[in-house]
Amino acid sequence: MAGVTFSYDNFKALIDLNIGIASRLDENRSESFTVLFCDFLGMEEELINSNLSGLLRSSDSIVSYGGYYFFVMPYTDRHGTGIVKRVFDEVFFTMIRSCAVCYPVNGENSGELFDTLYTEAKKTHQISLDCLYDASVAKTFRDY
């Protein structure tokens, strides 16, 4: 797979790592990385994984929880994320519900980024990510 896969219980640490790298390398604090959320509920995992393998860069990270997928894309702004999302829609032959947040524009830390993503998912697509806050496999982002 082109992107590197992480478990959901490492998601916060992955975001924190990207924030640390961005802080070290990006002096102008532009959109250093983007987290793209996609709702792949109802699709077969094998189909998802086989298609994602050719679509993502080796620097991109993938975190999934059930049918919810999060893509952490370094040095990708909102425009670039929109292009990736359109490619996903074409490859999967459906309009995938999604939203994205950019660091540092949408949050200065992992908790703020996830809260913004949570709010956007609920507002734009009526997707509740409450199951991720209550997941037994991970502490919530708000607990940190």
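Rule-based calculations on the coordinates, nothing more; no lab input. Just so you know, these numbers come straight off a predicted model, no measurement behind them. Neighbour counts are summed over all protein chains in view; Cβ atoms, including those assigned to glycine, are modelled from backbone coordinates with ideal geometry.
I'd like the Karplus ³J(HN,Hα) series for segment 53-67: coefficients 6.51, -1.76, 1.60, θ = phi - 60°, whole numbers in Hz, and an x wherever there's a Gly or Pro.
Values per residue, Gly and Pro as x: 4, x, 9, 10, 7, 5, 8, 7, 10, 10, 10, 10, 9, x, x Hz.
How large is the Kirkwood hydrodynamic radius of segment 4-143, in angstrom, based on all distinct alpha carbon pairs?
On the way: mean 1/r = 0.0658 Å⁻¹.
Result for segment 4-143 stands at 15.2 Å.
Round to a whole angstrom and tell me the spacing of the C-alpha centers of segment 75-124 and segment 40-68.
So the separation of the two Cα centres works out to 15 Å.
Determine the sum of side-chain charges near Ile15: Lys and Arg each +1, Asp and Glu each -1, restricted to other residues whose C-beta is under 13 angstrom from that of Ile15. If you can, show how the numbers build up before the last one.
Details: positive: Lys12; negative: Asp9, Asp16, Glu108, Glu112, Asp115.
Here the count lands on -4.
Per DSSP H run of n ≥ 4, the term is -39500 (n - 2.57); total these for the chain, divide by its residue number, and report the mean residue ellipticity at 222 nm rounded to 500 deg cm²/dmol. Can you show the working numbers first?
On the way: 5 runs with 58 residues, N = 144.
When only DSSP H runs of four or more count, the value is -12500 deg cm²/dmol.
Among all helices in the chain defined by DSSP H, which have a length of 15 Å or more along the axis from Cα atoms plus a Kyte-Doolittle mean of at least 0.0? If you can, show how the numbers build up before the last one.
Numbers: long enough: 11-25 (21 Å, 0.98); 78-92 (21 Å, -0.13); 110-125 (22 Å, -0.87).
Those that pass (Cα extent of 15 Å or more, hydropathy at least 0.0) are 11-25.
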